[in-house]
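Here is the structure we will look at, set down as structure tokens.
What follows draws every value from the coordinates through simple rules; no lab data is involved. For clarity, every value in this text was computed on a predicted model and none was experimentally measured. Positions of Cβ are generated from backbone atoms using ideal geometry, with glycine treated the same way; all protein chains shown enter the neighbour counts.
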Amino acid sequence: MVIGFSRTHQYYKHRQPAKDWVTKQSIEATLRDHPSYGHKRLALHLKLNKKRVLRVMRLFGIKPYRRVTPKLYTKPKDSVFPNLLITETPLGPGDIYASDFTYLKYHGRWVYVATVLDVFTREIVGVSVLTTHSTQLVLNALANAVLYCPPPRIVHSDQGSEYASMDYAALVQKLGILQSMSNPGCPWENGYQESFYKGFKLDLGDPNRFATLGELVAAIYQTINYYNRYRIHSAHKMSPVQFVATL
């Protein structure tokens with residue numbers, strides 16, 4: 001027996017990610033039927049501790065849908081592609097990617113940033129920055145992600161027109177990747193990217209402080225590099241690159 005080493009602690013650390021993933025799937029399944037539930041109602045519905053539910057929601061960036069104004073209920077349309085993440089768990093680095101894009105207002109114009117995130121490591125593996133909102137934005141990000149690494153088994157996104165386009169679907173198919181999409185009106189199903197962009201914009205700061213577009217683009221890449229290499233991720237208690245080094 002090694003002094004100071006707990007087998008119980010080792011077992012807990014080994015089992016916890018799997019338990020969290022099961023809890024995540026239960027939360028997402030409940031939110032599809034009860035989209036306005038917060039963590040307290042989810043805990044009551046699932047008969048789980050509310051602190052555990054809140055921790056898992058924060059871990060995976062799951063947020064309940066909040067309506068700004070009341071709207072008449074309409075049945076959501078079927079997904080262009082099914083949400084494979086309801087049943088699929090990442091088997092390791094490079095297995096499942098999640099893709100999304102955001103926009104930054106810069107001196108009266110828009111700058112668009114698309115990223116591809118490794119769901120297992122939480123590392124940003126693909127980036128694209130353009131001043132136009134087009135399918136090319138997300139095509140470039142995916143191409144960047146597979147430039148030096150093998151294609152993933154699954155790539156997930158929301159149902160934006162860019163990801164539903166024939167060009168994007170053709171590239172995904174050509175790479176031998178399974179395409180997955182969040183269900184309509186379920187933004188929490190791509191919570192990995194939602195959570196990343198929230199921190200990314202805080203770390204980047206005000207885009208208008210940069211004198212030129214080139215300086216802003218350089219800062220975008222520097223901020224992503226900082227996130228990958230140095231920013232502590234709550235899921236791993238270390239940066240994504242540091243986490244990969246432990247595998």
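Ordered by the count of other Cβ atoms within 10 Å of each Cβ, fewest first, 134, 157 give 134, 157. Applying the Karplus relation 6.51 cos²θ - 1.76 cosθ + 1.60 with θ = phi - 60° to segment 37-52 yields 3J(HN,Hα) values of 5, x, 5, 5, 5, 4, 5, 5, 5, 8, 6, 10, 5, 5, 5, 5 Hz, where x marks Gly and Pro. Pairs 51/201; 40/198; 24/237; 105/174; 50/198: which exceed 29 Å Cα-Cα? The answer is 105/174. Multiplying the residue separation of residue 202 and residue 95 by 0.36 nm and removing their Cα-Cα distance gives an extension gain of 35.7 nm.
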